[in-house]
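The values are calculated or read from the model by the stated rules, or taken from the named source; none is laboratory data. All figures in this text were calculated on a predicted structure; none of them were measured in a lab. A quick note on method: Cβ atoms are made from the backbone with ideal geometry, for glycine too, and the neighbour counts reach across all protein chains shown.
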Amino acid sequence: MKIIKEKNNTLTFAAEISDSLANAIRRHIHRIPVLAIDEVEISKNDSPLYDETISHRLGLVPLRNEKNIGGDSEAKLKIETSEEGVIYSGKLKGSVKPVFDKIPLTVLSKDQELELNAVARVGRGYQHSKFSPGLMTYRNIFEVSIDKNAPQEILKECPSDLVGTGKTMVYDEEKIEVLESCADACKKKGKEYITLFPSNELLITIESFGQLESREIFKKSIEELKKGLAQVEKNIARA
């Protein structure tokens, strides 16, 4: 495994792994337990948004996954405000906190109020997207060869550091996309000045919504996959 880039809530790395296994890990991200607002009771809402709209926005606010929250446990939150202007997620007060304080929920004018109570529960992404901790994508990594005799209008679009260097492994996703387009343009001209050789590695990117770190999402997804395989093994043994 080779870390390519780790910034903010995104982790990109290269790993020698099959497409099928990568896809299984990706799918099991939606089985990681995540805390999210699941029930909202609004007692006052003078804002221009319907109760249902505010409830939907609250459900999609990422909450910090506290270690003591899990299973059937619940967390209670509330908003009581008559503050004029935009009402942000930071107004949520309770036993857990939102990951981001500046998610707009609604807006209040002078003498308007918003009062609500919410209950956050643990769920999984396959039940509802609000329980998803993040996304995972993957694509092939290529060895690339660029002939320096390729047409100039194509070469000027290609990464200059790769021209005429022989076979070079490319880990940058943006570069790979550009090279694929350049290779297609060469084929239309009847010659393969640019060749892409698929490697045994995949370029994997995990983007966190904030509840868990990207590394933690990958680790927990593998744990959930192992649990699923163990259950399949038990079911086969019973058959």
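Here is a yes/no grid of residues against (1) surrounded by fewer than 13 Cβ atoms within 10 Å (Cβ to Cβ); (2) without any contact (Cβ under 8 Å) to a residue 24 or more places away in the chain; (3) hydrophobic (A, V, I, L, M, F, W, C):
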{"site": "3", "(1), (2), (3)": "yes, yes, yes"}
{"site": "20", "(1), (2), (3)": "yes, yes, no"}
{"site": "24", "(1), (2), (3)": "no, no, yes"}
{"site": "28", "(1), (2), (3)": "no, no, no"}
{"site": "38", "(1), (2), (3)": "no, no, no"}
{"site": "42", "(1), (2), (3)": "no, no, yes"}
{"site": "55", "(1), (2), (3)": "no, yes, no"}
{"site": "94", "(1), (2), (3)": "no, no, no"}
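Looking across the stretch 187-239, the residues that are more than 22 Å from the chain's Cα centre (by Cα) and hydroxyl-bearing (Ser, Thr, Tyr) come down to 193, 195, 199. Taken over the stretch 180-216, the criterion of being in contact with a helix residue (DSSP H, G or I) (Cβ under 8 Å, 6 or more places away or on another chain) and of a type in the set (A, V, I, L, M) is satisfied by 185, 194, 196, 202, 203, 204, 206, 212.
Number of residues in the stretch 112-127 that are surrounded by 15 or more Cβ atoms within 10 Å (Cβ to Cβ) and within 13 Å of residue 34 (Cβ to Cβ): the value is 6.
Taking the conditions (1) over 22 Å from the mean Cα position of the chain (by Cα); (2) surrounded by fewer than 15 Cβ atoms within 10 Å (Cβ to Cβ); (3) at pLDDT below 95 in turn, residue 70 satisfies each one other than (1).
When residue 112 is tested against (1) part of a loop (DSSP other than H, G, I, E, B); (2) not assigned by TED's automatic domain parsing to the domain that holds residue 80, only condition (2) is not met. The condition of being under 15 Å from residue 210 (Cα atoms), surrounded by 14 or more Cβ atoms within 10 Å (Cβ to Cβ) and among the β-branched types (Val, Ile, Thr) holds for only one of 144, 99, that being 99.
Within the stretch 76-95, identify whether any single residue is aliphatic (A, V, I, L, M), modelled with pLDDT under 95 and not in a helix (DSSP H, G or I), and answer yes or no. No, that holds for no residue.
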